[in-house]
Amino acid sequence: MAQDAATPEAKAFDGSAKRSQLWLTSGFATYHFQSDQDLNGRNPGLGVEYRLSEDSALTAGRFFNSDRQHSKYAGMYYQPLSYMGVRFGAVFGGFDGYPKMRDGGWFFAAIPTATFEYQRVGVNVAVVPTYKDRLHGGISVQLKLKLFE
């Protein structure tokens with residue numbers, strides 16, 4: 001049912017316009033800040049992203065990380081800022097599979113992100129901070145394809 005001008009747009013829990021979209025996400029291509037180390041910049045994988053609203057989305061997936069280990073992740077994007085069609089914020093969630101971080105177990109991270117979506121395709125860009133000698137920082141790019149709305 002289409003909404004007319006008198007009907008207010010549905011709001012999500014975060015106050016932004018409600019959405020219901022499912023995206024298929026790729027792994028990552030990563031440029032590492034520590035380029036002198038033998039880190040894996042090709043991080044193939046597969047995931048899903050469920051957009052709840054203009055500002056928020058749930059995400060989960062699996063990829064081959066910079067330490068050449070398999071990692072899983074689950075989290076939530078919150079991107080309340082927007083400029084020229086690009087959303088800015090962070091993804092908050094749990095990650096595993098990094099041998100020097102909690103012996104490969106799960107840990108929490110907050111990672112600054114930018115997202116651009118156009119019709120059925122999109123890209124997430126994350127600036128991953130370096131954390132001591134445990135996690136290697138870099139800029140990661142993830143492609144995505146909208147499955148349905």
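The values are calculated or read from the model by the stated rules, or taken from the named source; none is laboratory data. This is a predicted model, so every value here is computed, not measured. Here Cβ is always computed from backbone atoms with ideal geometry, including for glycine, and neighbour counts include all displayed protein chains. All accessible areas refer to the heavy atoms of the entire protein, side chains included, with ligands and DNA or RNA removed. Shrake-Rupley method; radii C 1.70, N 1.55, O 1.52, S 1.80 Å.
Think of each Lys and Arg Cβ as +1 and each Asp and Glu Cβ as -1; about the Cα centre, that makes the dipole of the chain roughly 240 debye. The slack in the chain from residue 116 to residue 60, taken as 0.36 nm per residue of separation less the alpha-carbon distance, amounts to 18.3 nm. Protein heavy-atom surface of the chain, 1.4 angstrom probe: 62% of the accessible area is carbon and sulfur, with nucleic acids and ligands not counted. Ranking 101, 76, 84 by solvent-accessible area of protein heavy atoms (1.4 Å probe, all protein chains present), from largest to smallest, gives 84, 76, 101.
Amide H contacts of residue 98: 104, each under 5 Å away and 5 or more positions distant or on a separate chain (H built 1.01 Å from N in the peptide plane; Pro and chain starts excluded).
Given a 1.4 Å probe, how much area per residue of region 36-149 is accessible, in Å²? Each step should come with its number before you reach the end.
Working: 6320 Å² over 114 residues.
Counting only protein heavy atoms, the per-residue value for region 36-149 is 55 Å².
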